[in-house]
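The values are calculated or read from the model by the stated rules, or taken from the named source; none is laboratory data. A quick note: this is a predicted structure, and the numbers were derived from the prediction, not measured. Cβ placement follows ideal geometry from the backbone for every residue including glycine, while neighbour counts extend to all protein chains displayed. Heads up: the accessible areas ignore ligands, DNA and RNA and are worked out on the full protein's heavy atoms, side chains in. Shrake-Rupley method; radii C 1.70, N 1.55, O 1.52, S 1.80 Å.
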Amino acid sequence: MNWKHAFTSSIGKKLVMGITGISLIAFLCVHVYVNALIFVPDGYHKYEVAAHFLGSNPLTRIAEIGLLLGIILHIVQGLMLWSQNRSKRPVKYAVYDGKANSTWYSRSMGLLGTLILIFLVLHLAHFWAPNRWQQLTTGHERNLYAEMEAIFQNGIVVIVYILGCISLAWHLMHGFWSAFQTLGLSTAKYRPIINGIGIAFSILVPLLFIAMPVAFYFGWLPPAASFTEVAH
Amino acid sequence: MEHYNMNLTLKVWRQKNAQDKGGFETYQVKDISSEMSFLEMFDVLNEQLINEGKEPITFDHDCREGICGACSMHINGRPHGPWGQTTTCQLHMREYKNGDTIVVEPWRAKAFPVIKDLMVDRTAFDRIIQSGGYISVDTGNAQDANNLPINKDKADESFAAAACIGCGACVAACKNASAMLFLSAKVSHLALLPQGEVERKTRVVNMVDQMDKEGFGSCTNTEACEAECPKGISVLNIRRLNAEYIGAIMSGDDK
Ligand code: SF4
Ligand code: FES
């Protein structure tokens, strides 16, 4: 069987979702780690160094392209799967008691994913896009700490970020285990471990992300103006 | 348990044939015994319809003891009704009380077109089995017993997978109308045994291919199938099916 066929069969499409999904989980680990450094009370030094390292290192820039492709693949394949799967039941049930046999979030991955996508567009427009643009045109990155401080003064933005992170939490609550199941790794022996890590990850990571806008909004973090510039 | 009688309102899907649009009809049944099975209650309703000169409701049934998998009915939003690991023929009327309304629909899936009323065409499952659910055996004299040593755990797992009765509840329950639990049971019970080794890789690839051709959806791991399966087939089999599939396409020995 050729590779194309292997990745376009019903299982193959899910393999694409699983592999990109686990890559995105790996990215979230890096993202949350670097950003959580803003909570280290060291005059924002560690965060600055880590963010600058990621932003200027050629290897991470190449990885960034891979990440973008992964996100796009995950989104496009996900939406296609959603619409194809819907077409497999042309006449709907009059009564369908889904909650009797499955969790609501496992049945709502398309919806949760779409909510995350909406949030993601806003999020990239807030930080990633202007930063890369300035880097491209002037060669200097923006002060992302100061950007966060400014953007998270808006209560509506903070609420949207919180909702985005909550969608992410429920998406991960199913997606984490589901990816391992699709890749054939969730054996009877490993399933409890995968489940445990999955649940912890799905709660902790979004919670840490939520803490960032909330902390800036309520002024729990020192203002950017109080730091002396770190020389690049 | 105390025996009682009940009157019920039934909303049943009626459809003349595959082309007909179909719709719900409402019926009243009286003095239904709590000790009847769900299908016996339908027998009473059909008697009543015949006496009234109406067309009785067509539904699949055969063994009426929970082993053939024919009795496909989607009852109040769930395949085979509310009881765990139970087929419709084994669902009993003590579940219901006087005055209840019960909605009964056929399995809904593109791959299971309605033939008439509650009866659907499940030959898609037969074609999936034909595409790979077999093994090669030597002809000639029968081997001595125990010639093939088989690990007890593997034999048990294989046996548990082989318990699948092909009822289609997994497809009926799945929001994607996916047949992965059924297929995973069929692939697993052969892949776990040495007898299944010869076609192991071609089997899984051909059967997945056939499943896709029949128009079943992709598995999104909601696990509704396992919860509704009358034989308790575990989604661990889907894990195995995925692994078998990956192994087959990576090895290149799948032709
Ligand atoms: S896996 Fe279970 S629900 Fe699906 S066809 Fe087999 S016995 Fe029925
Ligand atoms: S009639 Fe055979 S399982 Fe119900």
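Taking only the stretch A:86-109 into account, find how many residues are within 9 Å of another protein chain (Cβ to nearest Cβ), surrounded by 16 or more Cβ atoms within 10 Å (Cβ to Cβ) and under 30 Å from A:Tyr161 (Cα atoms).
The number of residues fulfilling the criteria is 5.
When you scan the stretch B:224-231, do you find a residue that is within 16 Å of B:Ser158 (Cα to Cα), touching a residue at least 40 places away in the same chain (Cβ under 8 Å), open to solvent by less than 30 Å² (accessible area, probe 1.4 Å) and more than 8 Å from every other protein chain (Cβ to nearest Cβ), even just one? Walk me through it before giving the result.
Looking only at the stretch B:224-231, we keep the residues that are within 16 Å of B:Ser158 (Cα to Cα), and these are B:231.
Checking which are touching a residue at least 40 places away in the same chain (Cβ under 8 Å) leaves us with B:231.
Subsequent filtering for residues that are open to solvent by less than 30 Å² (accessible area, probe 1.4 Å) retains none.
Within the stretch B:224-231, none of the residues are within 16 Å of B:Ser158 (Cα to Cα), touching a residue at least 40 places away in the same chain (Cβ under 8 Å), open to solvent by less than 30 Å² (accessible area, probe 1.4 Å) and more than 8 Å from every other protein chain (Cβ to nearest Cβ).
Which members of the stretch B:241-250 meet the condition of being more than 7 Å from chain A (Cβ to nearest Cβ) and without any contact (Cβ under 8 Å) to a residue 60 or more places away in the chain? Reasoning before the result, please.
Just the residues of the stretch B:241-250 that are more than 7 Å from chain A (Cβ to nearest Cβ), to begin with: B:241, B:244, B:247-248, B:250.
Result: B:Glu244, B:Gly247, B:Ala248, B:Met250.
Cβ-Cβ under 7 Å, sequence separation 6+ or interchain: first residue in the stretch B:54-66 and over 13 Å from B:Met41 (Cβ atoms), partner buried (at least 19 other Cβ atoms within 10 Å of the Cβ) and of a type in the set (Gly, Ala, Ser). Which pairs?
As it stands, the answer is B:Asp60/B:Ala70; B:Asp60/B:Ser72; B:Asp62/B:Ala70, since those pairs meet every condition given.
Looking at the stretch B:87-108, which of its residues are surrounded by 24 or more Cβ atoms within 10 Å (Cβ to Cβ), within 16 Å of ligand 1 (Cβ to nearest atom) and at the interface with another protein chain (Cβ under 10 Å from one of its Cβ atoms)?
B:Pro106, B:Trp107
Can you name the residue in the stretch B:109-143 that is of a type in the set (Ser, Thr, Tyr) and open to solvent by less than 100 Å² (accessible area, probe 1.4 Å) and is also farthest from B:Ile57 (Cα to Cα) among such residues?
Taking the stretch B:109-143 as the starting set, the residues that turn out to be of a type in the set (Ser, Thr, Tyr) are B:123, B:131, B:134, B:136, B:139.
Of the ones still in play, those that are also open to solvent by less than 100 Å² (accessible area, probe 1.4 Å) are B:123, B:131, B:136.
Numbers: B:Thr123: 21, B:Ser131: 33, B:Ser136: 43 Å.
Of everything passing the filter in the stretch B:109-143, B:Ser136 is farthest from B:Ile57 (Cα to Cα).
Could you list, in sequence order, all residues of the stretch B:50-107 that are among the hydroxyl-bearing types (Ser, Thr, Tyr) and more than 16 Å from the chain's Cα centre (by Cα)? Step through it out loud before you land on a result.
If we filter the stretch B:50-107 for residues that are among the hydroxyl-bearing types (Ser, Thr, Tyr), which is where we start, we get B:58, B:72, B:86-88, B:96, B:101.
B:Thr58, B:Tyr96, B:Thr101, listed by residue number.
For the list (1) closer than 28 Å to A:Gly98 by Cβ; (2) away from ligand 1 (no atom under 16 Å from the Cβ); (3) open to solvent by 10 Å² or more (accessible area, probe 1.4 Å); (4) not β-branched (Val, Ile, Thr), I need the number of the one condition that B:Glu35 fails.
Among (1) closer than 28 Å to A:Gly98 by Cβ; (2) away from ligand 1 (no atom under 16 Å from the Cβ); (3) open to solvent by 10 Å² or more (accessible area, probe 1.4 Å); (4) not β-branched (Val, Ile, Thr), the lone unmet condition for B:Glu35 is (1).
Taking only pairs six or more apart or across chains, which ones have beta-carbon atoms under 8 Å, a first residue in the stretch B:119-133 that is away from chain A (no Cβ under 14 Å), and a second residue that is part of a helix (DSSP H, G or I) and within 16 Å of ligand 2 (Cβ to nearest atom)?
So the pair list comes out as B:Phe125/B:Phe182.
Of the residues that make up the stretch B:75-83, is at least one within 16 Å of ligand 1 (Cβ to nearest atom), without any contact (Cβ under 8 Å) to a residue 24 or more places away in the chain and out of contact with any Lys or Arg (no Cβ under 6 Å at 6 or more places or on another chain)?
Yes - at least one qualifying residue is present in the stretch B:75-83.
It is to be established whether one or more residues within the stretch B:212-222 are among the hydrophobic types (A, V, I, L, M, F, W, C) and more than 10 Å from every other protein chain (Cβ to nearest Cβ). Please lay out each step first, then the result.
Step one: filter the stretch B:212-222 for residues among the hydrophobic types (A, V, I, L, M, F, W, C), giving B:216, B:219.
Now restrict to residues that are more than 10 Å from every other protein chain (Cβ to nearest Cβ): none.
Within the stretch B:212-222 (the criterion being among the hydrophobic types (A, V, I, L, M, F, W, C) and more than 10 Å from every other protein chain (Cβ to nearest Cβ)), the answer is no, since none of the residues qualifies.
Is it the case that A:Thr138 is modelled with pLDDT of 95 or more and either open to solvent by 20 Å² or more (accessible area, probe 1.4 Å) or within 12 Å of chain B (Cβ to nearest Cβ) (or both)? Spell out how you get there, then give the answer.
Values: modelled with pLDDT of 95 or more: no; either open to solvent by 20 Å² or more (accessible area, probe 1.4 Å) or within 12 Å of chain B (Cβ to nearest Cβ) (or both): yes.
Spelling it out, it is not the case that A:Thr138 is modelled with pLDDT of 95 or more and either open to solvent by 20 Å² or more (accessible area, probe 1.4 Å) or within 12 Å of chain B (Cβ to nearest Cβ) (or both).
I need the helices (runs of 4 or more DSSP H) fully contained in the stretch A:1-57, keeping only those with at least 3 residues that are surrounded by fewer than 16 Cβ atoms within 10 Å (Cβ to Cβ) and within 14 Å of another protein chain (Cβ to nearest Cβ).
On the way: elements: A:3-8, A:10-36, A:45-56.
Because the criterion is at least 3 residues that are surrounded by fewer than 16 Cβ atoms within 10 Å (Cβ to Cβ) and within 14 Å of another protein chain (Cβ to nearest Cβ), the helices (runs of 4 or more DSSP H) in the stretch A:1-57 that meet it are A:3-8.
Which is over 24 Å from the mean Cα position of the chain (by Cα) and more than 30 Å from B:Glu25 (Cα to Cα), of A:Gln77, A:Gln84? Please lay out each step first, then the result.
On the way: A:Gln77 fails: over 24 Å from the mean Cα position of the chain (by Cα).
Going through A:Gln77, A:Gln84 in turn, the sole match is A:Gln84.
Please tell me if B:Cys225 is in a loop (DSSP other than H, G, I, E, B), modelled with pLDDT of 95 or more and outside the structural domain of B:Ala111 (by TED's automatic domain parsing). Even if it seems obvious, please write down each step before you answer.
Values: in a loop (DSSP other than H, G, I, E, B): no; modelled with pLDDT of 95 or more: yes; outside the structural domain of B:Ala111 (by TED's automatic domain parsing): yes.
The answer is no for B:Cys225.
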